[in-house]
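A short reminder: the numbers here are calculations on the coordinates, not readings from a lab. This one's a predicted model, so the numbers in the text were calculated from it and none came from an experiment. Glycine also receives a Cβ, built like all others from the backbone with ideal geometry; neighbour counts cover every protein chain displayed.
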């Protein structure tokens, strides 16, 4: 089997063993869901409901008239109790619709239809109506991505799942292979792309086999095995590995005739087209060395992460108490992360909701938490050797630390996608990703001031 | 509300770290220096132990002193003072007086490192800076300046260079006295760190294996010296006499190539820059050897090139991902990947 990859990058420990064997399962309903009106890159939505309204699962409750945006839907039947700013995973407060969930409710039934009979415009309309965004984390509205200004010849389904710990895409590839392939075909149809490539890292041989069996004999579909290397699932690196095309700095994949979509997104597209089902739930991985019962869970959007953690037995060694309160003893759990360990966000409190882009909830024991101070750069060049964008993280960090943001940008800060490798390999533990974010902010502010 | 009263660490991504730290890297360098240190102790016995102890202890003390005076946090845990001290000792000749060693450590750790801002900010390799400083000061002291006369009486001569070094022997055309195999395995003459080429090669291989250094600087530096030593004069006769190998095994070339020129802080971070840096050092070493006296050529060459590192980095910047045109193919025929992260 030939295995492809990109240049540089880093080999990370996988940590997938906690949850990769766990079939997708569901958890009990939460008492309350918090639906942020903005869960995507683009314009925020306006609430379509008022406090006191009864809402049904799947009902659209927020929308914007802007093109680059996606509507949001109630994920469960219930009553709107508040429309107010609530903390999101980034720590910022986001205007959200809070719904008190009816404890007696049935899974909604979605009318089936023949998705293969849908036209391109009908598919795109269904995707927009369903509120689908990139579910790998970036959360860019999918219907926008599928409206490229130039021809696309290849759709790449990003099935790398290169972040350690996360296994939800892997499980979906195994359990929903057919839906994934159908979703990918729908996406390809929208942009008239003749080729569909499933890019899978070879630490998921069962997924590669399942996909190969499913697409056998189909024209234009192929599975490409990829080396297990981070960040293989970054769009530009994935395109380089599978097609040997390089997206120029500051440009999008469509520049080289490619659109990349994640596994969960493709399945959501299938559900939107086949069942007219809006995006109201997603599969995520609850895991980490401090998780009592790691697993891959289908969770209603808006569910507070505290509820997800509690339903899976809480923290290892500290189950929920007699009053069913979640216990988070500091000697057992040191960090809670939303997303993957390389690009995810550490959480300060646990009432933040699961949203469309939430691929994981990680519980780290205190032993996994790195808290040493950073020292001066020793110019070891390990960051330079590993940077998948061929930048100079050492100089970016040095100049940003001095406040010379123009020079930091000169050494590549604006082309950084914050994969975190430079920090991972840095022997001086320098927070280079923070320096990059600061540089981007300062440069944007300087541009705005002009 | 659940989960309100909790203490969780908040930090920016990424949330994973490799095991690599500055102290662990410095310890790798110390381990890599162990073979040559042992050979030098075997060769020079007490003289070697004495110099190594004086250099390492004074390097540590000067770091403590300078940081205390400058009101900075102590950084002994990073072990860089120990590395500098040991490297410095390996650059000195047996019989060097204790106070010469202390003075060299003062210049190395105090001036070249701490006054420049501490580890990471030093422009010049500290150990080589210390070595060169005392080398340059020696004539001043040993020379005619009468004000130093009492000092000289008290301390004795600044440096004891009595033994003919292999390099000096080459210069005199008397290199038959030392066989290549002797020089490779172990032979007295020169500094502590010049006693065994094999021990240095083992140390360098260890650093390469542990990925603490890359091959570019040692290979380009040694390769350049080999080429120039071969083609300077009659290539066939040179090869027949083994002169290129003498140039590699003698006079601190291997110590310089594996342990000094590859110093993280004072070498380029770009791949192209590292190759240019290595070649330039090799050229300078041979110029010094052919044109000037046979001593300290390697130290001077590396220090001179240290000064050019920021310029080299700037001029050899690689293009960013996607900046170069790629040969466009619709779907590239599958071939096993050869690229590796280094």
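Can you give the extra length, in nm with one decimal, that the chain gains between residue A:117 and residue A:11 once fully stretched, where that is 0.36 nm per residue apart less the Cα-Cα distance?
Answer, rounded to one decimal: 33.8 nm.
Please report B:271, A:154, A:375 as a ranked list, fewest other C-beta atoms within 10 angstrom at the top and most at the bottom.
Neighbour counts put them in this order, fewest first: B:271, A:375, A:154.
Separation of the stretch A:251-266 and the stretch A:81-126 by C-alpha centroid, Å?
23 Å
Which three extents, in angstrom, do the Cα atoms of the stretch B:22-315 have along their principal axes, listed largest first?
Taking max minus min along each principal axis of the Cα atoms, the stretch B:22-315 gives 60, 48, 34 Å.
Counting pairs of alpha carbon atoms under 8 Å apart in space and at least six apart in sequence, what relative contact order in percent does chain A give?
18 percent
At a temperature of 25 °C and a viscosity of 0.890 mPa s, determine how fast the stretch A:115-275 diffuses translationally according to Stokes-Einstein, using the Kirkwood radius over alpha-carbon pairs as Rh; express D in µm²/s, rounded to the nearest whole number.
159 µm²/s
I'd like the distance separating the alpha-carbon centroids of the stretch B:47-61 and the stretch A:1-38, in whole Å.
After rounding, the separation between the Cα centres reads 54 Å.
Express in whole angstrom the spacing between the alpha-carbon centres of the stretch A:136-197 and the stretch B:209-250.
The distance from the Cα centre of the stretch A:136-197 to that of the stretch B:209-250 comes to 54 Å.
Just the C-alpha atoms of chain A: what Rg/Rh do they give, with Rh taken as the Kirkwood radius?
The Rg/Rh ratio comes out at 0.95.
Mean-square fluctuation check for chain A, GNM, Cα pairs under 10 Å: which of A:312, A:86, A:437 is largest?
Comparing A:312, A:86, A:437 in the GNM, the peak value goes to A:437.
If a/c stays under 1.5 just call it rounded; otherwise compare a/b with b/c (prolate if a/b is bigger, oblate if not). Do that for the stretch A:382-449, with a ≥ b ≥ c from the square roots of the Cα gyration tensor eigenvalues.
prolate
I want to check the label-to-label distance for residue A:81 and residue A:348. Put each point 7 Å from Cα in the C-beta direction and report it in nm to one decimal.
2.4 nm
Using a Gaussian network model of chain A with C-alpha springs under 10 Å, which one of A:82, A:66, A:408 is most mobile by mean-square fluctuation?
Top of the fluctuation ranking is A:66.
Report the label-to-label distance for residue A:56 and residue B:219 in nanometres (one decimal), using points 7 Å from each Cα along the Cα→Cβ vector.
6.9 nm
Test of understanding: what is the full-extension gain from residue B:65 to residue B:272, defined as 0.36 nm times their sequence separation minus their Cα-Cα distance?
Going from the current span to full extension adds 70.7 nm.
Can you compute the helix-only [θ] at 222 nm over the protein assembly as shown? Use -39500 (n - 2.57) per DSSP H run of at least 4 residues, normalise by all residues, nearest 500 deg cm²/dmol.
Numbers: 27 runs with 306 residues, N = 792.
Calculated at 222 nm, the ellipticity per residue is -12000 deg cm²/dmol.
Checking the a/c ratio against 1.5 first, then a/b against b/c, what shape does the Cα gyration tensor give for the stretch A:80-138?
Oblate shape, in that a/c is at least 1.5 and b/c is the bigger or equal ratio.
GNM, chain A, Cα, under 10 Å: largest mean-square fluctuation among A:97, A:354, A:256?
Answer for the Gaussian network model of chain A: A:256.
Starting from the Cα of residue A:192, step 7 Å along the direction of its Cβ; do the same at residue B:179; then give the gap between the two resulting points in nm.
Going by the 7 Å Cα→Cβ label model, 8.0 nm.
How do B:247, A:386 line up, fewest other C-beta atoms within 10 Å first?
With the fewest neighbours first, B:247, A:386 line up as A:386, B:247.
In whole Å, what three semi-axes, largest first, describe the equivalent ellipsoid of the stretch A:295-450 built from its Cα gyration tensor (square root of 5 times each eigenvalue)?
So the three semi-axes of the stretch A:295-450 are 36, 18, 13 Å.
Using only the Cα atoms of the protein assembly as shown, build the gyration tensor, take square roots of its eigenvalues as a ≥ b ≥ c, and label the shape rounded, prolate or oblate: rounded if a/c is under 1.5, else prolate if a/b is larger than b/c, else oblate.
Here the protein assembly as shown falls in the prolate category.
I need the calculated FRET efficiency for the pair residue A:331 and residue A:298, taking r as the beta carbon distance and R₀ as 30 Å, to the nearest 0.05.
My answer for the efficiency is 0.40.
For each of B:128, B:236, B:254, B:103, count neighbouring Cβ atoms within 10 Å of the residue's Cβ, then give the residues from fewest to most.
B:236, B:103, B:254, B:128
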